[in-house]
């Protein structure tokens with residue numbers, strides 16, 4: 001059964017793979033983006049998936065954007081909170097601005113994305129919430145105190161939402177990708193990339209489509225009893 005799916009940060013990288021996978025599954029998909037108009041336009045031209053521009057760190061903008069999506073496509077039954085940023089620095093050099101920017105987007109942005117659709121999901125007795133966290137939210141990472149804190153916080157969000165939503169037919173789960181062959185990772189120097197791969201027992205980077213397949217399962221009817229869980233997709237780099 002096709003439903004309406006909203007994917008934040010859904011026009012590039014892992015988000016783009018998720019949007020395409022959900023479309024292939026028969027869902028009507030809306031993908032958000034923050035600022036790259038050219039990339040969003042190219043994505044829509046390639047896939048036919050409509051893109052919507054807003055800043056997930058802004059609650060009012062998120063609520064207005066989601067209202068537009070629902071006006072265009074119908075009530076949102078699937079939310080994939082994927083949008084995220086990094087502002088890396090060792091803790092002793094990290095500025096309050098770097099801390100706040102990441103918190104506002106990666107953590108508060110999940111609240112801003114899920115909260116406007118939560119009541120509708122409860123009323124319709126169905127909902128699927130998936131948050132894209134990170135291996136670094138599970139194990140921590142040098143120079144990423146802000147990022148790791150948000151990604152760990154995202155796991156607390158889904159565990160709590162799972163308990164609140166279960167009786168209303170809503171599931172909330174997370175996927176924690178390891179190092180994935182996105183544009184950002186492939187842009188790092190080859191020696192750095194080789195060092196990263198050397199830490200992965202699988203001996204390779206993950207593919208965005210492998211994360212997308214995790215999401216496709218979690219939002220499916222087959223996953224109705226999977227709730228409050230975290231899928232670690234990291235090539236055996238870390239277990240929790």
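Things worth noting here:
- Distance between the modelled labels on residue 101 and residue 217, one decimal in nanometres: 3.6 nm (7 Å Cα→Cβ projection).
- Normalised by residue number, the volume inside the convex hull of the Cα atoms of the stretch 4-232 is 124 Å³ per residue.
- Of the peptides 10-22, 194-206, the order by per-residue mean of other Cβ atoms within 10 Å, starting with the highest, comes out as 10-22, 194-206.
- Here is how the number arises for the chain: DSSP H runs of 4 or more residues each give -39500 (n - 2.57), the sum is divided by the residue count, and the result at 222 nm is -14000 deg cm²/dmol.
- Relative to the current alpha-carbon distance between residue 236 and residue 88, full extension at 0.36 nm per residue lengthens the span by 50.8 nm.
- If a spin label sat at a point 7 angstrom from the Cα of residue 184 along the line to its beta carbon, the backbone N atoms of the stretch 208-236 nearer than 16 Å would be those of 208-209, 211-212.
- Length released on extending from residue 53 to residue 68, taking residue separation times 0.36 nm less the Cα-Cα span: 4.3 nm
- Between residue 61 and residue 192, the FRET efficiency from the beta-carbon distance, with R0 = 41 Å, is close to 0.70.
- In this calculation the C-beta distance from residue 141 to residue 209 is compared with R0 = 22 Å, giving a FRET efficiency of 0.35.
- In the stretch 4-232, the DSSP beta bridges split such that about 0 percent are antiparallel, to the nearest 5.
- Most to least packed among 176-186, 95-105 [average Cβ atoms within 10 Å]: 176-186, 95-105
Coordinate-derived values only; no laboratory data. Since the model is a prediction, treat every value here as computed from it, not as a measurement. Virtual Cβ from ideal backbone geometry, glycine too; neighbours counted across all protein chains shown.
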